[in-house]
Structure formats: structure tokens, C-alpha cells
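Just so it is clear, none of the values below were taken in a lab; they were calculated from the coordinates. As the structure is a prediction and not an experimental result, all values here were calculated from the model. Note that each Cβ is placed from the backbone with ideal geometry, even for glycine, and that neighbours are counted across all protein chains shown.
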Amino acid sequence: MKYNPFNPNSIVPTNLFAGRKEYILRIIRKFEQVKRGMPSSFFLFGERGIGKTALAKLIKHISEVKDPLLGNLNFLSSYYTVEKGQSINDVLQASLNELTDEIPQTAIEVMGKKLGKLFEKGKFSIGAFSLSYGQNREEMKSTMIRDQLVSILSNIIDSVILSPVSTEEREKKDGILIIIDEINNISDLDKCAQLFRGIITTLDVKEMGYISFLLIGYDTTLKDFFKGDSSSRRHIDSNKLGVMPINEAEEVLIKGFKEAEITWNNEDLKKNIVATGGYPHSIQLMGHNLLEVDKDDNIDDKDWIEAMSRTAIELQKKDFADLYNFNGKQSGREKILDVLAVAGKALTKQEIINYCQIKNIYQYLPELKKRGSIKILPETDKIILHSQLFRTSILLKIIPKIFGENYLRDLFHKEFGKQGKED
Ligand SMILES: Nc1ncnc2c1ncn2[C@@H]1O[C@H](COP(=O)(O)OP(=O)(O)O)[C@@H](O)[C@H]1O
Ligand SMILES: [Mg+2]
């Protein structure tokens, strides 16, 4: 059996990571400021399977490798994935303990002496150790937790960055990166923003702002997070991760093909990659199936046709049968969904009418919404498909019509540029 480097359910290894250059460069630029004591934190959000975890793991790697082309960063960093129902205190405590794995023993000993109760038996522990009862108990508790975290972080910053205990060059650090993934699972999300703001600004005032938090969640998580404390928006940049442009999607497949040491036809790749909608989960799934169906170590059009039908069947098993009629006759509902799938972004009602050529789309919208096939964005009243995975499954269904019958040709060309222009 040949080696299949594609896997939609695991995290892509660094050498097969593709695209996302803009995001990476933007974050490296911010990390270069962190190196100079200017704190910089991020909230990375976007739907499931869009590539948040993959990007965050790559960023962690870049922050540690000291690559002169990538900001020459030598951060102390931790990566923590929140489990359902954990509190922010537990999560931060665990993140700090993960950091200690990288801290040299000599520095740990020095810190231990200074931190007392907060650092016992080689572990940080935070919490409200002694609190008198009173009116502002909750508030006092939050302040105390924040102060404990600041105290631990200032000790770490002091002993590995500002006045490193170790004389070994490789053990000196220039910043701290704390990554928290699946922050949507935190039980007390409403308290988080204020806590992070408190930590960041206090360290900054102490001239110890060598810190970056990278928080990861969904669109709704972001809203709930900032609802807890809107002033924290100034300290935490929101970055939305969207689908990949077609050239980056191609790059994902090409890297995998090279890794598997097989050849491919570039024209077939360019033509068919659009079926993934640039959604990383679907690209991986398609790549996986392409390698499964290929028999001669060369990916050609026949492999694509087979892989697309396999991918489509797998996706349609995911409950999408209720959201789109994949087998029966197409109605106005499907036409609307087709337009949204090809567009790949939110459209106004008028735009939908123009492309799907049905005058009265209004009779279909309430039911599409009720079934969950579409969402209506409250800010703009524009309409968007339920998810990227759903979009891929529609694209796979209609791609033959798009190429064969010029179905939705104008919209397709508008959205996918030069691809498939031969007519
Ligand atoms: N830039 C990328 N290059 C290659 N594969 C990627 C990239 N981004 C994501 N993937 C792959 O897509 C799938 C979904 O990505 P993941 O990071 O788990 O999404 P999320 O964390 O947003 O749910 C994973 O298999 C992942 O390895
Ligand atoms: Mg993830």
C-alpha cells in the first residue's frame, strides 16, 4: 500500500501545511513587537474544519524555531485544548504548567523560592487560597486570581527573558506564547475577556509585556467572549479564518502528491479543485480519496471523477439529506442553494434572484431557513449556506453540470476567475 499523506481528521504535519501566508506574516510581525516588550494577542475564529488548529500549531512551531526568515523567534510557548466545562482558571493553570516543561531547571528553582504557595512540588497552582466573606467576594476573587497569574508570569518573564538565570544561549527566550484552542468549551467564558485584559495590561505597565495569547473558537464564541468585556477588543485582535483561495487549495494537494511521490495532471487539478470550495477539511478528504482510487501513481481525470463521487457519498451521509435533495428532482430550493454554493459567500436576495432566475425566491426562504440549509446574517440581511461542508457536498453534485452544461456559468466565472474559461 502506498503512503497516503492526506487525512481530514488529523493535524497536517508542518511540511505539508500550505497557504495562509497573509495570516502567518501578520502574526509574525506582531510577534516581532512582542520581542520588544509590546504585548499582542489574537482571537482566531471560523467554522469547524476551516483550519484554525492547523494554523495555530504552525504558528507555535514558527514561534520556537528561530528561523531568520520567519522573525527569528525563540518563544516559550504552550498549547492547550480546552475540555468541555473547564474553567478559565484551570485552563490557565494547565497552560502555565505546560510552559514549565521548557523552562530550564535552574530558573525553575529560582522561581520556586519567590513564588511560595503558587509554586509547589514543581507545579503552579492558582486559586483563592484564603478569602474572607464579604459583599465583593466574587470581585475580590477575580482580582486575586489575576494577581496570581501576573505574579507567575512576571517571574517566568524575568527568569527566562529579562535576566535569564541560565547562561546557555538556547535557554534564553524572547517572548511567551500561550495558545488556547476550543475556548468555546470554557464554562465561564463571560469572565475571560476581562481576565486576559487585566493580565496583559498589568504586565505591560510593569514593562513586562513580552506576552501573546492566541485564543481559538467559533464566531459565536467570539461574540460571547467580548460581550463579557468590550474594552478588551483593543488588546485582542480578532482574525477570521475563511476558505482558502483556489491556488492555496491546489498547493495543499500538490504538497501531498509530492510527499506520496506520485505525479498528477495540472489541468485536471485546476479544473476539479473548485469542488472542494477551498475548505481545508474537504481538500484533505478529496486528497485522501484521490490516493485511494489511484492505481498507477498518476492522478488523472478518471481518478478525479471517482474520488469526487466517493467524497460526495461520504459527505451526503452527514445528515445533509434533509438540507438538500441530492437524488430527486431539483426544485427552486435547490436552485437557490446551488447559487449560494457556487458563490461561496453571503449574497443579497437580489443577487440570488439574478443568478437563479426564479422570480419569487421568497416562497422558499422561510423553509430553507427552518431546515437549516441557510443562515441569514443579522448585520446585513444577506444569505449564506449552513456550512462549508454542506457547500462542498452541493458543489460535488453540480460540478458536472457546471462544466458540461455551463450551469451557473456567469457566476462560476465571476467567483473562480480564469479557471475553466475555455469556450
Ligand atoms: N493550511 C493547511 N494546509 C493543509 N492542510 C490543512 C491546512 N489547514 C487545515 N488543514 C487540514 O484540514 C483539516 C481541518 O483543519 P483543522 O485545523 O482541524 O480545522 P479547525 O481547527 O478549524 O476545526 C485538518 O485535517 C487539517 O490538517
Ligand atoms: Mg480545531
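A dipole drawn for the chain from +1 and -1 charges on Cβ atoms has a positive end, and of 45, 228, 315 the residue lying farthest that way is 228. Per-peptide packing, taken as the mean over residues of other Cβ atoms within 10 Å, places 107-116, 155-164 in the sequence 155-164, 107-116 from highest down.
How would you order 303-312, 363-372 from highest to lowest mean count of nearby Cβ atoms within 10 Å? Working shown, then result.
Numbers: 303-312: 19.8, 363-372: 14.3.
Ranked from most to least packed, the peptides come out as 303-312, 363-372.
Rounded, prolate or oblate: which fits the chain when a ≥ b ≥ c are the square roots of the eigenvalues of the alpha-carbon gyration tensor, with rounded for a/c under 1.5 and prolate only if a/b beats b/c? Don't skip to the answer; put the middle values down first.
Values: a/c = 2.70, a/b = 1.73, b/c = 1.55.
Verdict is prolate for the chain.
Put the Cα centre of the stretch 138-156 next to the Cα centre of the stretch 232-262 and the gap is 37 Å. Zone of residue 61 (label point 7 Å along Cα→Cβ, backbone N under 20 Å): which residues in the stretch 235-255? 241-242, 244-245, 248-255, by backbone N distance to the label point.
Rounded to the nearest 20, the Cβ-based charge dipole of the stretch 246-416 about its Cα centre (Lys and Arg +1, Asp and Glu -1) stands at 1120 debye.
Each of 362, 326, 347 was scored by the projection of its Cα onto the charge dipole of the stretch 304-362, and the greatest displacement toward the positive side belongs to 362; charges sit on the C-beta of Lys, Arg, Asp and Glu. Each of 86, 140, 54 was scored by the projection of its Cα onto the charge dipole of the chain, and the greatest displacement toward the positive side belongs to 140; charges sit on the C-beta of Lys, Arg, Asp and Glu. For the stretch 1-135, the share of alpha carbon pairs falling in successive 5 Å distance bins from zero is 2, 7, 13, 16, 17, 16, 12, 8, 5, 2, 1, 0, 0, 0 percent. At a Förster distance of 30 Å, what's the computed FRET efficiency of residue 363 paired with residue 305, Cβ-Cβ distance as r, to 0.05? Once the sixth-power term is evaluated, E becomes 0.25.
For the peptides 389-399, 320-330, what is the packing order when you average, over each peptide's residues, the other Cβ atoms within 10 Å and list the highest mean first?
Details: 389-399: 24.3, 320-330: 13.8.
For the peptides 389-399, 320-330, the packing ranking is 389-399, 320-330.
For the chain, the Cβ-based charge dipole about the Cα centre amounts to some 1160 debye (Lys, Arg positive; Asp, Glu negative; other atoms uncharged).
Take the alpha-carbon centre of the stretch 372-412, take the same for the stretch 334-364, and report the distance between them in whole Å. The two parts, judged by their Cα centres, are 9 Å apart.
Return the subset of 318/345; 30/66; 2/60; 52/240 for which the Cα-Cα distance in this structure is over 20 Å, preserving the input order.
Distance filter (> 20 Å) returns 318/345; 2/60.
Helix 21-34 and the long axis of the chain differ in direction by around 10°, with both axes built from C-alpha atoms. Per residue, the convex hull spanned by the Cα atoms of the stretch 246-416 amounts to 114 cubic angstrom.
In this model, which of 84/141; 84/349; 121/227; 302/349 are farther than 31 Å apart at the alpha-carbon? Before the final figure, lay out each step's value.
Working: 84/141 23 Å; 84/349 38 Å; 121/227 38 Å; 302/349 38 Å.
Where the Cα-Cα span goes over 31 Å, the pairs concerned are 84/349; 121/227; 302/349.
Remark: the stretch 364-412 carries a charge dipole of roughly 180 debye about the Cα centre, counting +1 on each Lys and Arg Cβ and -1 on each Asp and Glu Cβ.
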